[in-house]
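Novice: Dropping the structure in here first, questions after.
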Amino acid sequence: MGVLAQLEVEFDIEIVGDFISHYAIMFENMEPLIIGLSKKERYADNIGDIFRIFHNMKSAAGFLKLDPIIKLAVLCEDIVEEARVLKGPASEEFIDWLLLVSDQFEKYRKDVEDDADFFTVLNPLIIKVPHTLERA
């Protein structure tokens with residue numbers, strides 16, 4: 001039984017459908033927000049929006065007990081929380097890392113929608129959290 005089939009057994013179909021559609025919307029908004037972190041004037045708004053996306057992903061995935069999404073969202077939420085107090089713009093290292101994370105969330109989305117047997121293995125480069133979040 002795949003990821004989607006398991007969700008449909010454990011939860012109401014409307015809840016699963018809402019999760020999938022909201023997850024897709026959050027994902028679609030993520031990349032432009034990440035790219036915008038390179039501009040000082042957009043940094044504060046974008047980092048706040050990115051934080052909310054990770055927070056919402058964590059909450060929604062938590063309700064559905066989707067551990068890989070929860071774990072990645074928690075890591076991202078913690079890193080972005082640190083970045084929220086900075087003035088920006090973001091370092092290239094941080095932007096590249098967030099884009100890598102975005103790609104991983106996209107793989108997880110496809111895993112759910114395609115009813116994969118298992119979630120895609122986490123890209124090991126994500127574990128290498130950026131040391132510098134802000135451009136000097």
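Novice: For the condition closer than 16 Å to ARG135 by Cβ and not charged (D, E, K, R), what is the one hit in GLY36, GLY17, GLY2, GLY62?
Specialist: On the way: GLY17 fails: closer than 16 Å to ARG135 by Cβ; GLY2 fails: closer than 16 Å to ARG135 by Cβ; GLY62 fails: closer than 16 Å to ARG135 by Cβ.
Of GLY36, GLY17, GLY2, GLY62, the one residue that is closer than 16 Å to ARG135 by Cβ and not charged (D, E, K, R) is GLY36.
Novice: Give me the residue from region 7-17 that is open to solvent by 70 Å² or more (accessible area, probe 1.4 Å) and not β-branched (Val, Ile, Thr) and, out of that set, nearest to ASP67 (Cα to Cα).
Specialist: Looking at residues that are open to solvent by 70 Å² or more (accessible area, probe 1.4 Å) and not β-branched (Val, Ile, Thr), I get GLU10.
Novice: Cβ contacts < 8 Å: first residue within 18 Å of ASP114 (Cβ to Cβ), restricted to region 20-32; second residue among the charged types (D, E, K, R) and at pLDDT 90 or above, any location; separation 6+ or different chain. Result?
Specialist: Filtered contacts from region 20-32: ILE20/ARG109; ILE20/GLU113; TYR23/ARG109; ALA24/ARG109; PHE27/GLU106; PHE27/ARG109.
Novice: Please verify whether ILE47 is in contact with a Lys or Arg (Cβ under 7 Å, 6 or more places away or on another chain) and under 20 Å from GLU8 (Cα atoms), treating the condition exactly as stated.
Specialist: Answer is no for this residue.
Novice: Further question: For region 1-25, which residues satisfy the criterion of being of a type in the set (A, V, I, L, M), part of a helix (DSSP H, G or I) and farther than 30 Å from PHE94 by Cα?
Specialist: If the condition is that a residue be of a type in the set (A, V, I, L, M), part of a helix (DSSP H, G or I) and farther than 30 Å from PHE94 by Cα, then VAL3, LEU4, ALA5, LEU7, VAL9, ILE13, ILE15, VAL16 are the ones that fit.
Novice: Of the residues that make up region 69-77, is at least one acidic (Asp, Glu) and in contact with a Phe, Trp or Tyr (Cβ under 7 Å, 6 or more places away or on another chain)?
Specialist: Yes, some residue in region 69-77 is acidic (Asp, Glu) and in contact with a Phe, Trp or Tyr (Cβ under 7 Å, 6 or more places away or on another chain).
The values are calculated or read from the model by the stated rules, or taken from the named source; none is laboratory data. These numbers were taken from a predicted model, which means no experiment stands behind them. Every residue, glycine as well, gets a Cβ built from its backbone with ideal geometry; the counts of neighbours run over all protein chains shown. Calculation scope for accessible area: heavy atoms of the full protein, side chains included, ligands and nucleic acids excluded. Shrake-Rupley method; radii C 1.70, N 1.55, O 1.52, S 1.80 Å.
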